[in-house]
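Undergrad: I have a structure I would like to understand better, so I am pasting it below and will then ask my questions one at a time.
The values are calculated or read from the model by the stated rules, or taken from the named source; none is laboratory data. This structure is a prediction, so every number in the text was calculated from the model and none was measured. Don't worry about glycine lacking a Cβ; one is built from the backbone with ideal geometry, like all the others, and counts go over all protein chains shown.
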Amino acid sequence: MLKKELLEEIKAGLAAAYHERLCGVVLYGSEARGDTSADSDIDVLVLLHGPLDYGHDLETNLDVLYPLSLQLGRRISAKPVIASEYESVDCPLYQNVHREGIMI
């Protein structure tokens, strides 16, 4: 799994961009499971207080994380979601993240 410092850098960058809208960041996928390969991306859900402006919030994630992604040589995939929907909506992605995700 990724070093704690890197995970904290991801969260700190998102917190600086979203301020009070940020509810949390959840690492999921191969990094959370510990079965990464050299070409694995880093998957995170960005939990936000709504309403969600998906295009704008996705662009914010890219602005924050793209420089770090270049530095690492790995893609960071950060999906913005409304925190209350993550907790209450029954969808396969959210079920998977609840099961294997790590709150950072």
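Undergrad: Condition first: without any contact (Cβ under 8 Å) to a residue 40 or more places away in the chain and surrounded by 14 or more Cβ atoms within 10 Å (Cβ to Cβ). Now tell me which residues in the stretch 18-28 satisfy that.
TA: ARG21, LEU22
Undergrad: Moving to a separate point now. Answer yes or no: is there a residue in the stretch 28-49 that is of a type in the set (Gly, Ala, Ser) and on the phi > 0 side of the Ramachandran plot.
TA: For the stretch 28-49, residues of a type in the set (Gly, Ala, Ser) and on the phi > 0 side of the Ramachandran plot: present.
Undergrad: For the stretch 17-41, how many residues meet the condition of being among the hydrophobic types (A, V, I, L, M, F, W, C), modelled with pLDDT of 95 or more and touching a strand residue (DSSP E or B) at 6+ places or on another chain (Cβ under 9 Å)?
TA: Residues that pass the stated criteria total 5.
Undergrad: Hey, could you check the stretch 31-89 for residues that are touching a Pro at 6+ places or on another chain (Cβ under 9 Å) and closer than 23 Å to LYS4 by Cα and say which is surrounded by the fewest Cβ atoms within 10 Å (Cβ to Cβ)?
TA: Out of the qualifying residues, it is THR60.
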